[in-house]
Structures are given as structure tokens and as C-alpha cells.
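Okay, so here's the structure we're looking at.
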Amino acid sequence: MSAEGSLDLRLPIGGLFTVLGVMLAGYGLATGSNTEMYAKSAGMNINLIWGVVMIVTGAIFLILAKRGATK
């Protein structure tokens, strides 16, 4: 199987991580003032933190997919 015919999974995975990260971070921003909700996590907004982590991860995948497509 040639490298040109193989499926590059970095693009759809990067898109998925980015979209879900934006949704999760948005939810974290919308519920950030609810201190009761985040009492179990020591007052940290876990949704916002992991949303940003997912956005960064998705962006890395998308950058690598673009870099791999130009070669």
C-alpha cells in the first residue's frame, strides 16, 4: 500500500478534538459562576481546563495534518 493512498487520521481527529474542546470550554465558561457545581473538584473549573487542553491537542493534530499534507 502506498503512502499516498493511506488515510491520514490526524485531520478528522484534530477536528473532533477541537470542536468538542470548544463545546466543553464554552460550557465551562457558561457555568463558571456556579460554585456548587465545582465543589467536588476543589473549586476548579474542570470543564474549562479540559476544554482548553482539548483545543490545544486538536490544534496540534490539525497543524501536523497540514504539515504532512504539504510533503
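Gain in length, LEU16 to ALA42, computed as 0.36 nm per residue apart minus the alpha-carbon separation, to one decimal in nm? Please list the in-between numbers first.
On the way: separation 26, 0.36 × 26 = 9.36 nm, distance 2.88 nm.
Here the segment from LEU16 to ALA42 would lengthen by 6.5 nm.
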Contour excess over end-to-end distance, with Cα ends at ILE49 and ASN34 and 0.36 nm allotted per residue: 3.9 nm
With Cα atoms, 0 to 90° folded angle of helix 46-69 axis to the chain main axis: 10 degrees
Normalised convex hull volume, the range 9-71, alpha-carbon set, Å³ per residue: 61 Å³
Sparse-neighbour loop sites [chymotrypsin sites (Phe, Trp or Tyr not before Pro); the chain; at most 13 other C-beta within 10 Å; DSSP]: none
GNM top mover of GLY51, GLY43, GLY15 - the chain, alpha-carbon springs below 10 Å: GLY43
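Coordinate-derived values only; no laboratory data. The structure presented is a predicted model; accordingly, all values stated were derived computationally and were not measured. As a convention, Cβ positions derive from the backbone with ideal geometry for all residues, glycine included, and neighbour counts pool all protein chains shown.
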